[in-house]
Amino acid sequence: MNALKKFLGILWMLLGPVIIIFLFMQASEKIGLAAEGIARTNTTLQWSIIILIFIPICAGLVIFGYYGWKGEYDKLPRTSADL
Amino acid sequence: MQSTDKNVSQSITQVIAASSLGTLIEWYDFYIFGSLAVIIGQQLFPSDAGASALINTLAIFAAGFIVRPFGALVFGRLGDLIGRKYTFLLTLVLMGGSTFLIGLIPSYSSIGYAAPILVLILRLVQGLALGGEYGGAATYVAEHAPVGKRGFFTSWIQTTATLGLFLSLGVIVLTKNMLGAEAFADWGWRIPFLVSILLVGVSIYIRMKMHESPVFTKLKAEGKVSTNPLKESFQKKANFKMVLLALFGATMGQGVIWYTGQFYAQSFLENTCKLDFNESRYILLWAILFATPFFVVFGSWSDKVGRKWIMLMGMLLGVICYRPIYQYFIDATNVKEFQKTELKSASAPVVERTLVKDTKDSLVTTTTLKTLNNGMTFKEAKIVTIPDAPATFPEEQTVIKDVTLSGPTYIIIIALVFFQVLLVTMVYGPIAAFLVELFPTKIRYTSMSLPYHIGNGVFGGLVPFIATLVASFSGSTPLSGLWYPIGIAALSFVIGAVYIDNKGDENVAD
């Protein structure tokens with residue numbers, strides 16, 4: 001199980017930036033689409049907010065992945081004294 | 001001995017009742033905004049804003065969720081420094097005051113864009129207050145609860161979010177039925193906001209009589225209270241890694257399951273399936289009514305078998321079942337197709353002519369009430385735009401609205417929404433105990449509040465907004481919006497399954 005935790009740790013580290021890139025691509029595509037297709041639905045502000053919120057969360061996912069890769073979750077604390 | 005047990009039991013019952021009542025009212029305050037999104041959109045934005053008014057209102061609704069983590073930081077810190085009791089008294093006052101003021105904001109037609117700006121500010125205060133409330137209440141109850149019953153006792157707090165939603169829907173439906181649709185849309189929507197001040201007053205009175213958490217009192221007496229809870233929670237790697245694990249392995253998935261089952265389902269039935277305003281709310285009310293006891297069932301069960309797999313099974317079932325469930329919603333309410341073979345009767349058409357704002361074009365709306373052989377009814381409105389310029393052709397569109405269901409379909413849809421709320425009880429029932437047991441007393445309020453409110457507030461609170469946004473783009477299907485909750489729940493399931501231990505630290509006094 002610990003090997004799986006480490007392997008997945010790498011995946012989470014990669015997933016963080018991938019999500020951000022995906023969001024940027026979706027935002028630019030959808031804002032363009034919305035402007036053409038649905039005249040009154042300009043979603044630039046909405047997508048900006050979404051991206052702004054998810055950047056720190058994805059940074060958290062990268063840190064989580066790094067901890068997983070370094071084996072920080074191999075043994076979880078049993079009592080508060082371990083924290 | 002029996003007498004002592006009885007006293008302890010009574011004291012815990014009072015703790016749960018007083019904590020739950022305040023938390024329930026805060027959830028009520030928070031949810032009436034979402035439940036009235038369509039009407040508030042019409043009041044706050046220009047009358048011809050259409051879909052963008054709903055999306056902007058949902059954005060203001062979502063803003064309340066987005067600031068919840070900041071409320072968690074501000075009030076969590078306060079709760080770890082000065083105590084649980086006074087902190088969640090303060091959050092209650094802020095929540096009640098801002099909700100009451102939303103009910104007093106003039107509409108767009110009176111004060112223009114100042115209306116949505118003021119509501120946004122008050123909505124942010126609501127979000128901050130809620131960010132501080134839940135962690136305090138859950139911590140307070142958990143620190144009173146005996147070992148082996150923490151899941152059971154905290155599950156009562158967990159019922160309050162759903163009951164708050166139930167109360168908000170109930171008050172809205174009741175007010176609308178008493179005033180009539182027109183008066184409700186005009187000014188009656190303010191009543192549910194204004195009523196809040198009375199509920200909050202009662203709750204403050206009850207909470208004033210409560211004592212501080214015994215675990216926190218002991219910590220304070222020993223001089224072990226944290227001097228900098230934020231630093232200890234997030235700069236100390238041993239604790240911060242648990243904050244991240246709680247977020248990605250539990251609260252993130254829990255948040256999307258919660259808001260898909262209890263918000264998106266109703267929004268989907270009303271806006272995509274075109275169900276009648278009351279019908280979609282009654283369905284959710286019945287589903288919540290039947291499912292709410294399961295918060296306590298799963299909370300209590302988690303004391304015996306562990307918290308982890310109950311929560312994760314709720315996420316997995318959501319991932320598997322959401323698309324078939326919502327596909328059924330679409331198929332079962334497709335009256336446009338049904339009327340081709342099943343039309344039983346149609347009323348005499350009602351014709352209404354109105355002028356299009358800022359133009360000389362006019363709209364002619366012909367509404368017909370139709371009944372199908374299976375008992376379903378709906379209104380079909382043919383809207384013809386007649387241009388002022390004689391050379392241009394009229395444009396026609398047909399709109400279906402106010403669909404009411406027949407017996408068997410109605411029951412099946414209630415059952416499917418019930419199933420979604422049941423998943424909510426699986427992920428949400430045990431989670432307060434899970435989070436409380438993850439962190440030490442001196443930084444518990446801060447440490448558990450942040451992942452909870454990012455997971456529940458940001459990931460969950462954005463479900464209606466992101467799903468509606470995704471589904472509104474050309475090329476998308478009505479089910480496209482579901483990929484967001486399905487993807488997040490699947491990710492959280494994998495992380496939770498691999499990284500979280502089923503056995504937590506049952507001693508919360510250290």
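What follows is calculated from the coordinates using simple rules that are stated; it is not laboratory data. On a predicted model such as this, the values are computed, not experimentally measured, just so you know. As a convention, Cβ positions derive from the backbone with ideal geometry for all residues, glycine included, and neighbour counts pool all protein chains shown.
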Subject >> Segments B:65-78, B:479-492, A:46-59 sorted - mean Cβ within 10 Å per residue, highest first >> reply: B:65-78, B:479-492, A:46-59
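Would you work out the Kirkwood radius for the range A:2-71? I mean one over the mean of 1/r across all pairs of different Cα atoms, in Å.
Numbers: mean 1/r = 0.0748 Å⁻¹.
For the range A:2-71, inverting the mean 1/r across all distinct Cα pairs yields 13.4 Å.
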Original post:
Spin-label point model (7 Å from Cα, Cβ direction): what's the B:L289 to B:K340 distance in nm?
Top reply: 3.7
Original post:
To the nearest 20 debye, what is the magnitude of the charge dipole of the protein assembly as shown about its Cα centre, counting +1 on the Cβ of each Lys and Arg and -1 on the Cβ of each Asp and Glu?
Top reply: 1380
**OP:** Note down the nm distance, to one decimal, between modelled labels 7 Å out along Cα→Cβ at A:S48 and at A:L4.
**Re:** 4.4
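Give me the inter-chain shielding for B:99-109: mean count of other chain Cβ atoms within 10 Å, whole number please.
Details: counts 0, 0, 0, 0, 0, 0, 0, 0, 0, 0, 0.
Whole-number average of other-chain Cβ neighbours for B:99-109 is 0.
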Original post:
Of B:Q397, B:V364, B:M376, whose Cα points farthest to the positive end of the dipole of the range B:336-404 (charges on the beta-carbon: +1 Lys, Arg; -1 Asp, Glu; origin at the Cα centre)?
Top reply: B:M376
Original post:
So what is log10(I(q)/I(0)) for the range B:231-319 at q = 0.14, 0.22 1/Å, when the Debye sum runs over its Cα atoms only?
Top reply: -0.68, -1.10
Subject >> Shielding of B:240-248 by partner chains, average beta-carbon count, 10 Å >> reply: 6
**OP:** Evaluate the relative contact order of the range A:2-71 (contact order divided by residue number), counting alpha-carbon pairs under 8 angstrom at least 6 apart; express in whole percent.
**Re:** 64
Original post:
Using the Karplus equation 6.51 cos²θ - 1.76 cosθ + 1.60 (θ = phi - 60°), what ³J(HN,Hα) coupling, rounded to whole Hz, does each residue of the range B:481-487 give in order, writing x for Gly and Pro?
Top reply: x, 6, 4, 5, x, 5, x
Original post:
Among B:R123, B:R84, what is the fewest-to-most ranking by other Cβ atoms within 10 Å?
Top reply: B:R123, B:R84
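Taking the number of other C-beta atoms within 10 Å as the exposure measure, put B:C273, B:C321 in order starting with the fewest.
B:C321, B:C273
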Original post:
Out of B:A221, B:A115, B:F61, whose Cα points farthest toward the positive end of the dipole of the protein assembly as shown (charges: +1 Lys, Arg; -1 Asp, Glu; placed on Cβ)?
Top reply: B:A221
Original post:
Taking H as built 1.01 Å from N, whose amide H comes closer than 5 Å to the amide H of B:V356, not counting residues under 5 places away?
Top reply: B:D361, B:S362, B:L363
Subject >> For peptides B:328-334, B:217-223, sequence by mean Cβ density within 10 Å, most packed first >> reply: B:328-334, B:217-223
Subject >> Peptide B:309-316, shielding by other chains (average Cβ, 10 Å cutoff) >> reply: 0
Original post:
Under a point spin-label approximation (7 Å from Cα along Cα-to-Cβ), what is the B:K224-B:A348 distance to one decimal in nm?
Top reply: 8.1
Subject >> Kirkwood hydrodynamic radius (C-alpha pairs) into Stokes-Einstein, chain B, 20 °C and 1.002 mPa s, D in µm²/s >> reply: 90
Original post:
Using the Karplus equation 6.51 cos²θ - 1.76 cosθ + 1.60 (θ = phi - 60°), what ³J(HN,Hα) coupling, rounded to whole Hz, does each residue of the range B:463-478 give in order, writing x for Gly and Pro?
Top reply: 4, x, 5, 5, 5, 5, 4, 4, 6, 8, 7, 5, x, 8, 9, x
**OP:** Just rank B:M315, A:M25, B:M242, fewest to most, by other beta-carbon atoms within 10 angstrom.
**Re:** A:M25, B:M242, B:M315
**OP:** Using a Förster distance of 25 angstrom, determine the FRET efficiency expected from the C-beta separation of B:T217 and B:A238, and round it to 0.05.
**Re:** 0.45
Subject >> Amide proton proximity set for B:K344, modelled H, under 5 Å, gap of 5+ >> reply: B:T371, B:L372, B:N373
**OP:** May I ask you to evaluate 6.51 cos²θ - 1.76 cosθ + 1.60, the Karplus curve with θ = phi - 60°, for each residue of the range B:100-109 and list the ³J(HN,Hα) values in order in whole Hz, giving x for glycine and proline?
**Re:** 4, 5, 4, x, 9, 5, x, 7, 4, 5
